[in-house]
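Inspection log for the structure reproduced underneath, given as structure tokens.
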Amino acid sequence: MAVAVQGAPGKSRRGREPRPGLVQRLKLSYSKYWYAYAMIAPVVIVLGVLVGYPLVRGVYLTLTDATSLNTGRQIGVNHIPDSFNFVGLHNYADVLWGPGSYDRFWSHFVWTIAWTAICVVLHYTIGLALALLLNQKLRGRGLYRMMLILPWAVPTFVTVFSWRLMLADGGAINGILGSVGLPEPGWLSDPLAQKAAAITVNTWVGVPFMMVSLLGGLQSIPAELYEAAEMDGASPWQRFRYVTLPGLRTVSSTVVLLGVIWTFNQFAVIFLLFGNGAPDAQILVTWAYRLGFGQMPRDYAQSATYGVLLLSLLIVFTSFYRRWLARNEQANG
Amino acid sequence: MTTTTERPAARSAAAHAARPAKVRGREQRSPLATVLSHLALITASLIALFPVVYIAYISLGPDDMDYLHPGQILGKATLSNYTTVLNDTDFFSWFGNSVIVAGGTTVVGVMLAASTGYAVSRMRFAGHKQLMWTLLVTQMFPIAVLIVPMYYILSSLQLLDSYFGLILVYSGTTVPYCAWLLKGYFDTIPVEIDEAGRVDGLSPFGTFWRLILPLARPGLAVAAFYSFLTAWAEVAFASTFMLSSDKYTLAVGLQSFISEHDHQWQLMATTSVLIALPAALVFYLVQRHLVTGLTAGAAKS
């Protein structure tokens, strides 16, 4: 990453006057851009303290056997110091291929990947379909748009709470299913139905953001392109395939990336829907939280190990995704 | 919805960007397609609204088991839950706390995000790309890894149980996305405006404050909306970092209706509705800007 970035300005400068030395360049950059640094300083400080330090501390914890029993704490006036030991990479080995690692890690891993893929695909396709519908000249368009964005405005824990009442045995959903003669699964108790319920709720929560973003993207596609396509006799499908989709490429790449990151780390929906129950429907994030907070003794080291593994997965995914985007960009001119 | 097109930056962003992709006039849509569109949108709207309406409906049932028999609520619907929550609980102090924290997060977060976004959008200082990349990576941190060390930091800074501490934590979580969004928005505002400001003798900060921020209002509205909602609805941080019950936010206070022995679902539903109302109000205020604000942000970043 750093290499690529440093390389870029160097290339553009080639052929002009010889480059000044590093120190001088920094000085020049400083005197020219001191206000830029002043503008980003608060963010850098806040994120450094609140995110950077915890990350370092979290990574350190993964190399120890820290639990709530051997971590330093304050009882009354007595301070009990840390007594955990450095164990090297033992936690990683244990999580990834220790005894029972399939049930502890890999089953949640597979489900997390499936959960992310299914949710993002649903978010995107439903969001795009609704955005296309809303982008037509249609009576009551503004009203529809408002109603469809509303789920975004309602706090997640409120909607999840509402879904819980609706999905409960004898709740509204099963009432409707029963009245048309369909089976009534135990949404909050049956493992497979739990997963379906979680995906449904998360889709409901996530579609409005996608819809609004894609609607914005659709509105920024120049109408001339559609007119030209029509002149050339393109069918609606061809116009969609060769005008709409390419026109949405930049918006799509951003919202899909954010969607993947947010869904992968979607804590609230699963945690609030099932609490500490439903071991099968826990994704890695909620599982890590349970290890660190939902049991006694709290296993800080294992929880942090999950966290670091999650973060690495996302970073790997993002770098591949960006590289893939860049290659696509080149291929498509 | 002409409102979606009247964005200030539109004058600048090439004229075509401002014009929505209007329905092609020559080819008329068939009546069938129109009916189908309406049907699809009505269905989707019903699905979107149903959970919200449902919880409002449940909140009208006076007994704690009413949610199990929604049909029976109809006959005895009452607003008694609302009077109970408003009069006999700490609702108003929780509400005040939430307003302080969410409002503070909105102001602090948007200011931080705007200055960062502007710096990255306008100035090619060393490290600006790494900064954006870092911001993206901070979105990937799972809460589970952060919450314990954050607790230690806040406690050593004496910021536990304080509004400011919680505002800082929330700003830390909202700023990355807002900065991305606003950077994209600032990119659509032509640099010539900055240059004109500089020629007229404004400092870089003055240019930013007096010229660019007013032009970026739709983008700022979306960032504010996002920050407010995030802070308003957050549970995990608030319940960990706010220790005394008079500092609880609404989302935390809500949980006090369910204890091991007592499940007051009807009060929970009522409080949920009362929590959703201010969020819906904020949403109503900014919804005209949502599409334009997000477009520029997402389309250009």
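The values are calculated or read from the model by the stated rules, or taken from the named source; none is laboratory data. Values in this document were obtained by computation on a predicted structure and should not be read as measured data. Cβ atoms come from the backbone with ideal geometry, glycine included; neighbour counts cover every protein chain shown. We work out accessible area using only protein heavy atoms, side chains counted, and drop any ligands, DNA or RNA first. Shrake-Rupley method; radii C 1.70, N 1.55, O 1.52, S 1.80 Å.
List of remarks:
- Other protein chain C-beta atoms within 10 Å of residue C-beta, averaged over A:221-229: 4.
- Ordering A:Phe274, A:Asn332, A:Val212 by the projection of their Cα atoms onto the charge dipole of the protein assembly as shown, which places +1 on the Cβ of Lys and Arg and -1 on the Cβ of Asp and Glu, puts A:Asn332 at the extreme positive end.
- Alpha carbon convex hull of the protein assembly as shown, projected area averaged over orientations, nm²: 33.7 nm²
- Shielding by partners - mean other protein chain Cβ count within 10 Å, residues of A:54-61: 5
- A Förster distance of 45 Å, applied to the separation of the beta-carbon atoms of B:Glu195 and A:Tyr321, puts the FRET efficiency at 0.80.
- Only aspartates and glutamates eight or more places from A:Lys195 in sequence, or on another chain, were considered; those with a Cα closer than 18 Å are A:Asp103, A:Asp169, A:Glu184, A:Asp280.
- Computed log₁₀ I(q)/I(0) - Debye formula, equal Cα scatterers, no solvent, region A:29-127, q 0.14, 0.19, 0.23, 0.25 Å⁻¹: -0.91, -1.01, -1.13, -1.19
- Estimated Rh, region A:138-192: Kirkwood, alpha-carbon pairs, angstrom: 13.3 Å
- Straight Cα distances below 20 angstrom link B:Lys247 to the aspartates and glutamates B:Asp88, B:Asp90, B:Asp161, B:Glu234, with same-chain residues fewer than 8 positions distant left out.
- Share of pairwise Cα separations in region A:46-188, more than 24 Å, in percent: 67 percent
- Grouping the Cα pair distances of region A:101-184 into 5 Å bins from zero gives a pair-distance distribution of 3, 11, 10, 12, 17, 21, 15, 6, 2, 1, 1, 0 percent in increasing distance order.
- Percent of Cα pairs in region B:23-133 per distance bin of 10 Å, from zero to the largest separation: 10, 17, 17, 19, 23, 12, 1.
- A simple packing score, the average count of other Cβ atoms within 10 Å per residue, orders the peptides B:45-57, A:303-315 as A:303-315, B:45-57, with the highest score first.
- Prolate/oblate/rounded label for chain A (Cα gyration tensor, a/c 1.5): oblate
- Nearest-10 value in Å² for the accessible area of A:Ile221, using the 1.4 Å probe: 0 Å²
- Size descriptors for region A:173-294 (Cα atoms only): Rg and Dmax, in that order, 20.5, 63 Å.
- Nearby aspartates and glutamates by direct alpha-carbon distance to B:Lys129 (threshold 18 angstrom, same-chain neighbours under 8 apart not counted): B:Asp187
- Within region A:179-234, the percentage of alpha carbon pairs spaced more than 19 angstrom apart rounds to 61%.
- Full extension of the chain between A:His79 and A:Met296 gives 76.0 nm of extra length, using 0.36 nm per residue less the Cα-Cα distance.
- Cβ-placed point charges (K, R +1; D, E -1), dipole of chain B about Cα centre in debye, nearest 20: 1760 debye
- Sorted from greatest to least, the principal axis extents spanned by the alpha carbons of region B:168-231 come out as 40, 22, 15 Å.
- Membrane-span-like helices in chain B (whole DSSP H runs, Cα extent of at least 30 Å along the helix axis, mean Kyte-Doolittle hydropathy of at least 1.6): B:31-58.
- Computed over the Cα atoms of chain B, the ratio of the radius of gyration to the Kirkwood radius (Rg/Rh) comes to 1.04.
- 1.4 Å probe accessible area per residue over region A:34-93, in Å²: 54 Å²
- Pairing chains A and B buries close to 9400 square angstrom of accessible surface in total, based on protein heavy atoms and a 1.4 angstrom probe.
- Neighbouring partner chain Cβ atoms per residue of A:306-317, average, 10 Å criterion: 3
- Accessible surface of A:Trp163 - all protein chains present, 1.4 Å probe, nearest 10 Å²: 20 Å²
- Calculated [θ] (222 nm, deg cm²/dmol) that DSSP helices of n ≥ 4 give over the protein assembly as shown, each run adding -39,500 (n - 2.57): -22000 deg cm²/dmol
- Rolling a 1.4 angstrom probe over the protein assembly as shown with all protein chains present gives an accessible area of which 65% lies on carbon and sulfur atoms.
- Residues whose placed amide H lies under 5 Å from that of A:Thr64, excluding near-sequence neighbours: A:Val87
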